[in-house]
Amino acid sequence: MKPAYRLALWLTKKSLASATILASSGSRGLIRGAQRSSAWPEVWSLQVRRGVCGVGVEEGGEEEGVMAGGEEADGKKPQHRAGKKKGGPPPGPQAEPTILREGEADILLHGNDVFYNKAQIVNRDLSIAVLRAFAAKRQEEHEESLAKKASRKSKGASAVNGKENGGAQEESASSAVEGEDAKTSVSGSEVKGEDQGVEMKEETSPSGKAEEEAAAVVAAPVEAVLESKIAKPLHVLEALAASGLRALRYAKEVEQVGSVVACDNDKVAVEACERNIRLNGKVALAKVTANHADSRIYMLSHEKEFDVVDLDPYGSPSIFLDSAVQSLSEGGLLSCTATDMAVLCGNNGEVCYSKYGAYPLRGKYCHEMALRILLGSIEAHANRYKRHIVPVLSLSVDFYVRVFVRVYTSASAIKESPSKLSYVYQCVGCDTYHLQPVGRVATRQGSTRYMPGTGPVISPDCKQCGKHHNMGGPIWSAPIHDADWVDGMLRSVTAMKSRYPAYNKIHSILTGVSEELNDVPLYVSLHSMSATLKCTPPSATLFRSAVVNAGYRISGSHANPLGLKTDAPMEVLWDIMRCWVKDHPVKENSGETPGKVILTKEPEIEANFKKVQSATSKALASGVARFLPNPEEFWGPKPRAGRHLTSKHIASYGAAFVNGTLRAEGKPPIESPAAGDGAPDAKRQKVDE
């Protein structure tokens with residue numbers, strides 16, 4: 001420790017109110033106003049003038065317990081982030097950290113040291129809405145369990161009481177058969193026991209004993225009964241915490257949460273999380289714990305311990321799924337996000353297969369297929385431990401997918417898992433698709449058999465256009481939402497709109513989900529079908545009315561504003577389009593295009609385009625928005641924490657974000673070239689001869 005720092009600490013220990021110390025030429029800077037903290041001597045409060053001294057002390061010197069001499073309060077050397085050498089040149093002047101408030105939680109932001117994305121506010125609000133619904137559902141299940149236990153106990157007490165009464169009657173009958181000598185002995189014992197009063201009668205009466213036991217079962221202590229009626233508080237794990245914002249919001253906004261473990265493998269993130277916990281006061285300090293560990297190892301070492309596990313990684317969650325399904329308690333909630341949409345939507349099919357065990361197809365339904373691939377992967381991991389999943393809400397939002405599933409243990413239920421998975425055959429010419437179930441459940445004469453799926457469901461060539469098929473999957477083909485959960489969340493969110501910063505967005509998403517056909521996998525695109533036929537598309541209302549008039553159901557999709565989910569076969573949909581083209585002819589095209597081949601066939605049904613009320617979206621009729629525009633530019637993914645930002649990132653993240661991050665890190669901002677200042681255009685310019 002340098003002499004100037006030793007002098008500063010000596011003056012502080014002597015309880016001087018203020019001291020100004022000019023460091024010697026060998027010191028790093030100026031330390032002013034060394035004062036005693038209110039938590040003396042546990043916390044040192046050294047006010048450091050930023051930009052003049054380069055001492056490694058956080059704001060106020062209290063955040064990390066680091067003293068001005070470059071040592072921690074316990075005498076240990078401070079740990080440096082990987083890649084930064086000790087004793088190097090002092091960093092340049094850095095901006096003060098900013099305090100960001102989201103919901104009821106506050107966090108400190110300082111550049112790009114810890115990952116934070118404003119666009120994920122929708123993700124966090126939806127997670128809080130699901131967590132509140134899960135807590136309410138868990139309370140209902142707890143009360144039902146208590147009622148069943150009480151019913152079993154009362155039946156058992158009645159059976160015991162009846163048995164004891166029967167034994168008493170048998171004993172009284174046998175004693176009546178005995179002779180006068182037995183009566184005399186009994187009367188003598190009664191005279192002898194007069195001084196003992198009622199106490200002797202209670203000991204010798206078996207029926208009285210049975211009544212006491214029954215009363216003890218029914219009349220349990222009132223306090224214990226009242227306590228048991230409330231389910232235990234939720235134990236939550238945020239496996240990839242970063243700044244800890246999500247964990248803090250869980251702790252402060254969901255009353256049923258008892259404890260939250262914010263885990264991260266990055267020491268810088270854990271330190272930031274600890275600062276944010278202290279920033280949020282008593283509730284956060286009591287409920288949230290920051291933990292520096294590999295989340296996979298941590299979850300494996302806490303098997304079936306957590307009621308809720310939240311996975312929100314930067315990219316794919318595939319490496320965390322196996323340990324996550326093991327760390328959940330019975331009926332626990334797994335919340336999982338995947339942001340590697342390029343992989344899940346078919347741009348890198350081989351990578352998707354290596355991560356999730358399914359091959360994606362590049363169809364118009366790719367966003368819902370991404371959801372179902374993720375669900376199928378979670379189910380496969382759970383099945384290895386005799387567990388299975390029940391999806392409650394599955395969403396495709398902005399640039400990611402987010403699923404909420406409950407995990408149960410049942411060796412018999414996992415036998416149905418193959419019947420919940422399907423392969424997808426998609427025509428390369430007209431995008432017609434068919435599903436091939438992996439397994440099926442057959443019930444005959446009260447017995448259930450689990451058998452392989454029957455097939456093939458298609459011929460080698462497409463019946464509509466004659467092209468071949470691509471095969472993808474397997475995907476989750478069972479329902480991806482729980483309608484009761486969605487309706488309950490929609491009511492709860494509407495009643496508590498002031499507590500959701502992104503209320504408009506999550507209300508629109510839940511409204512779209514509530515109108516979906518839950519038992520219909522994937523969706524078709526009316527514009528894609530019209531493009532195949534090269535015709536003017538009918539309005540969505542007319543097309544939906546034609547499907548309803550044909551005797552089928554149809555709805556929109558939350559994943560795509562142009563998507564239509566229907567249980568009508570693809571043959572019926574193409575017949576409806578053929579009837580539309582007859583009334584709205586298209587131009588003749590040369591060549592054998594898929595659309596031309598489709599139109600050469602006559603429709604097998606006569607489409608009725610008369611408008612019907614049931615074909616119209618209720619939300620659309622009532623003026624409720626379902627698809628809102630992004631609130632600002634560059635509303636999308638952000639760079640990984642610690643990444644060096646340059647001018648090439650401006651096109652992806654915007655100049656405001658890049659320059660704001662650079663300023664916070666003490667670096668000069670980047671001037672983006674303005675149009676007309678000699679900057680080359682993105683498109684190649686035509687050269688005059």
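Nothing in this text is a laboratory measurement; each read-out follows from the coordinates by a stated rule. It should be emphasised that the depicted structure is a prediction, and the values quoted were computed from it without experimental measurement. Methodologically, a virtual Cβ is constructed for each residue, glycine included, from the backbone with ideal geometry; neighbour enumeration extends over all protein chains shown.
One table, with the values for the structure above:
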item	result
Given Lys355/Lys565; Lys137/Lys287; Lys304/Lys638; Lys153/Lys287, the pairs whose alpha carbons are separated by over 26 Å	Lys355/Lys565; Lys304/Lys638; Lys153/Lys287
Order of Glu303, Glu632 - criterion: other Cβ atoms within 10 Å of each residue's Cβ, fewest first	Glu632, Glu303
Overall Cα dimensions of the stretch 373-527 - principal axes, largest extent first, Å	55, 44, 29
Listed pairs Lys467/Lys582; Lys505/Lys610; Lys149/Lys420 exceeding 28 Å between Cα atoms	Lys505/Lys610; Lys149/Lys420
Local net charge near Ala150, Cβ-Cβ under 13 Å (Lys/Arg +1, Asp/Glu -1)	+4
Global form of the stretch 517-616, assessed from the alpha-carbon gyration tensor, a/c cut-off 1.5	prolate
The stretch 398-478 shape via C-alpha gyration tensor axes, a/c threshold 1.5	oblate
Proximal charge balance of Pro501 [Cβ under 12 Å; K/R count +1, D/E count -1]	+3
